[in-house]
Each structure stands twice: as C-alpha cells, then as structure tokens.
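Trainee: Okay, here's the structure, questions in a sec.
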Amino acid sequence: MSEQIVSFDSVSKVYGEAPNTVHAVDDIDAEINKGEFVSIVGPSGCGKSTLLHMTAGLISPTEGSVSFNGINVQSEDHEKHNVGLVFQEPVLLEWRDVRDNILFPIEILNANGKLEQSVEAYKDRADELVELVGLEGFSNKLPGELSGGMQQRVSVCRGLIHNPELLLMDEPFGALDALTRDTMNQEVLDIWRKTNKTIIFITHNLDEAIFLSDRIIVLSDRPTSIEEIIEIDLDRPRDIQYTRQQDRYQELHSEIYSYFREE
Ligand code: ADP
C-alpha cells in the first residue's frame, strides 16, 4: 500500500468577515501518496492557490485540517523545512546572483537552527541543482541577465535546495511561451524522477497536467470542491511529443475537458 504524505480532511476556507466573505474552498477530502505527482486543475479563481497555501501552512483552513506526514500543518511540530515552494513568478532577489538566490532558504533555515547539513554542503548542492536544470555557467549571473524560463529554473532550484520531501508548485510555467513550457515540463519530470520528490502542481493547462501527472484532481468553480480525481495511466518515462500522440492521451484530454465545458 502507498504511504500517505498529505491528507486533506474536510478542508474549507472562507476569507474575510461577514457580510464581505469569499467562500473559496468547500469541504475537500483527498490524500496524496509519497512519491506521487498530482496536479490540481480548475477554473481561474476557484481556489487552487488557496488549497496550496493551506498545504504549505501559509494560511489556515476555516474548517478541517491539512496534515503532512500525519501532523497538522498548523501545529508547531509541522516540519516546514520539509516542504519547498515554487510560485507563479520567480520572485528572485535582483541584487543576488543565481547561486545566492538558490541559497536564500538555507540562510533562513540556518538562522532558525533547522539545517541538516553544513552551509558548505548546501553550496555544493546548489551547484548540482544548477547543473540538473541546465544552468551550468550561469551561477554568477544576476536575475536581470536571464530569460524568463531561466529565472523559473532558478526558482525550481531554490524550492529544492533544502531537499524537501514535498514540492508545491503554483502555476510555475504559466507566464512562459508554449515551447519553453514544454521544455520545462520535460525537465520537471526528469527532476522528479531523479530526486524522488512528491510534487503537487497547480495549473489550468490540461496538456501540462496530463503530461506530468499520476493523478489529476479536477476542482469545480468557487466555492471549490472536488469534481473528480482522474488516474493518468500513460506509460513512463514520458516524452512530450510521443506521449501527446497516444490515443489514450487524447481520450484523457477529452474526458477532463468535458468537466470544464459543463460549467
Ligand atoms: P485560483 O488559484 O484558483 O485562481 P485563489 O485560490 O487564488 O484561486 O482564489 C480563490 C478565491 O478567493 C478568489 O475569488 C480570490 O479572489 C479569493 N481570495 C484569495 N485570497 C484572498 C484573500 N486573501 N482575501 C480575500 N479573498 C481572497
């Protein structure tokens, strides 16, 4: 049996105070297994980021709870340092070079006494990650000298530098052109395979979700709840061109697309 890493138990989120409330998430129950790649898709503004931010422990549910390795993420015992985040925008510090941007979370963890290895060991790890995402030779460049795709690669490295078990990615490639997005999708699968992480990935791009995932959680309009959870039974390793040409890929695409058309 697969081991659970994240569990959503009757999770709801209402923002604000009456009468100006926004009911974003409504009664979500789901489990994510260790090592899984799960995408969350749903209409714009339905509550995807809200769900991810609750998973990271950045905001708290109004009702219910999110657990990570069996511990409520709102409790003091939650291992925050075991979760990595990649946002929609790279949010890099302009005055720091690539390597120092990647090492930024290490400085914070070090200040909080949460580092598992020496700072020196993380510097070596930063160099390995730079290589893993194909940015060799760019360690000393400033963010302003990089393309959008390269900046997002740096932010993926920053999300992985502390070797978290779980990586949360919030529409990380939404701002990239289609070709760069395809390249990044292939790279993310490569990173996932090499590092054995669990990844929860938000997107509203169905092609991206199907190509990457073991399962896709389809969310309804706001207040969002789970419309369906779909197993993506396409062979791995996947190749962006080959996989998209498979009949099964087209079937899955039509099936998931129909949920959006019904709304
Ligand atoms: P998605 O990621 O699916 O686009 P979000 O989770 O960002 O959706 O937002 C869901 C809903 O909650 C939206 O209507 C948004 O305006 C609202 N919302 C998000 N954050 C806040 C907040 N801090 N205060 C009030 N409403 C918010």
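The values are calculated or read from the model by the stated rules, or taken from the named source; none is laboratory data. None of the values given here were measured: they were computed from a predicted structure. Every residue, glycine as well, gets a Cβ built from its backbone with ideal geometry; the counts of neighbours run over all protein chains shown. Each accessible area value is taken on the protein alone, full model and side chains, heavy atoms only, with ligands, DNA and RNA left out. Shrake-Rupley method; radii C 1.70, N 1.55, O 1.52, S 1.80 Å.
Trainee: Looking at this structure, is Arg244 of a type in the set (Lys, Arg) and buried (at least 18 other Cβ atoms within 10 Å of the Cβ)? Break it down stepwise before answering.
Mentor: Numbers: of a type in the set (Lys, Arg): yes; buried (at least 18 other Cβ atoms within 10 Å of the Cβ): no.
Taking the combined requirement at face value, the residue does not satisfy it.
Trainee: I need the full set of residues from the range 116-137 which are assigned to a loop (DSSP other than H, G, I, E, B), modelled with pLDDT under 90 and open to solvent by less than 40 Å² (accessible area, probe 1.4 Å), in order please. Please lay out each step first, then the result.
Mentor: At the first step, the residues of the range 116-137 found to be assigned to a loop (DSSP other than H, G, I, E, B) are 116-118, 133-137.
Adding the requirement that they be modelled with pLDDT under 90 leaves 116-118, 133-134.
Correct list: Val133 only.
Trainee: Of the residues Ser155, Ser220, Ser139, Ser225, which single one is more than 17 Å from the chain's Cα centre (by Cα) and under 26 Å from Glu116 (Cβ atoms)?
Mentor: Details: Ser155 fails: more than 17 Å from the chain's Cα centre (by Cα); Ser220 fails: under 26 Å from Glu116 (Cβ atoms); Ser225 fails: under 26 Å from Glu116 (Cβ atoms).
Among Ser155, Ser220, Ser139, Ser225, only Ser139 is more than 17 Å from the chain's Cα centre (by Cα) and under 26 Å from Glu116 (Cβ atoms).
Trainee: Something else now. Go through the range 14-26 and count every residue that is of a type in the set (Ser, Thr, Tyr) and more than 9 Å from the ligand (Cβ to nearest atom).
Mentor: First pass over the range 14-26, keeping only residues of a type in the set (Ser, Thr, Tyr): 15, 21.
Now drop any that are not more than 9 Å from the ligand (Cβ to nearest atom), which leaves none.
Summing the residues that are of a type in the set (Ser, Thr, Tyr) and more than 9 Å from the ligand (Cβ to nearest atom) in the range 14-26 gives 0.
Trainee: Just one of Leu85, Leu103, Leu92, Leu146 is surrounded by 18 or more Cβ atoms within 10 Å (Cβ to Cβ), hydrophobic (A, V, I, L, M, F, W, C), more than 22 Å from Ile240 (Cα to Cα) and touching a strand residue (DSSP E or B) at 6+ places or on another chain (Cβ under 7 Å); which is it?
Mentor: Values: Leu103 fails: touching a strand residue (DSSP E or B) at 6+ places or on another chain (Cβ under 7 Å); Leu92 fails: touching a strand residue (DSSP E or B) at 6+ places or on another chain (Cβ under 7 Å); Leu146 fails: touching a strand residue (DSSP E or B) at 6+ places or on another chain (Cβ under 7 Å).
After applying the criteria, what remains is Leu85.
Trainee: Still on this structure, please answer the following. Looking at (1) within 10 Å of the ligand (Cβ to nearest atom); (2) crowded, with 16+ Cβ neighbours inside 10 Å, which is the only condition Val11 fails?
Mentor: (1)
Trainee: Scan the range 206-222 for residues that are of a type outside the set (Lys, Arg), closer than 21 Å to His53 by Cβ and crowded, with 18+ Cβ neighbours inside 10 Å and jot them down. Spell out how you get there, then give the answer.
Mentor: Of the range 206-222, the ones of a type outside the set (Lys, Arg) are 206-214, 216-221.
Still in the list and also closer than 21 Å to His53 by Cβ: 208-209, 212-213, 216-221.
Once the filter is applied, which keeps residues that are of a type outside the set (Lys, Arg), closer than 21 Å to His53 by Cβ and crowded, with 18+ Cβ neighbours inside 10 Å, the range 206-222 yields Glu208, Ala209, Leu212, Ser213, Ile216, Ile217, Val218, Leu219, Ser220.
Trainee: Does the range 184-205 contain any residue that is among the hydrophobic types (A, V, I, L, M, F, W, C) and open to solvent by 50 Å² or more (accessible area, probe 1.4 Å)?
Mentor: Of the range 184-205, the ones among the hydrophobic types (A, V, I, L, M, F, W, C) are 184, 188-189, 191-192, 199-202.
Those still in the list that are open to solvent by 50 Å² or more (accessible area, probe 1.4 Å) too: none.
No.
Trainee: Restricting attention to the range 15-45, which residues are modelled with pLDDT of 95 or more and buried (at least 16 other Cβ atoms within 10 Å of the Cβ)?
Mentor: If the condition is that a residue be modelled with pLDDT of 95 or more and buried (at least 16 other Cβ atoms within 10 Å of the Cβ), then Ala24, Val25, Asp26, Ile28, Ala30, Ile32, Glu36, Phe37, Val38, Ser39, Ile40, Val41 are the ones that fit.
Trainee: Right, another one. Kindly indicate whether Tyr257 is open to solvent by 50 Å² or more (accessible area, probe 1.4 Å) and not acidic (Asp, Glu).
Mentor: Working: open to solvent by 50 Å² or more (accessible area, probe 1.4 Å): yes; not acidic (Asp, Glu): yes.
Yes, satisfied.
Trainee: Which residue is nearest to Glu36 (Cα to Cα), if the candidates are limited to the range 159-182 and must be open to solvent by 30 Å² or more (accessible area, probe 1.4 Å) and touching a residue at least 40 places away in the same chain (Cβ under 8 Å)?
Mentor: Taking the candidates together, the pick is Glu165.
Trainee: Mind counting the residues in the range 40-97 that are closer than 25 Å to Arg153 by Cα, assigned to a strand (DSSP E or B) and within 16 Å of the ligand (Cβ to nearest atom)?
Mentor: Count: 4.
Trainee: Next question, about the same structure. So which of Glu107, Glu120 ends up being farther than 18 Å from Lys80 by Cβ and free of Cβ contacts under 8 Å to residues at least 40 places away in the same chain?
Mentor: Numbers: Glu107 fails: farther than 18 Å from Lys80 by Cβ.
Sole residue among the options that is farther than 18 Å from Lys80 by Cβ and free of Cβ contacts under 8 Å to residues at least 40 places away in the same chain: Glu120.
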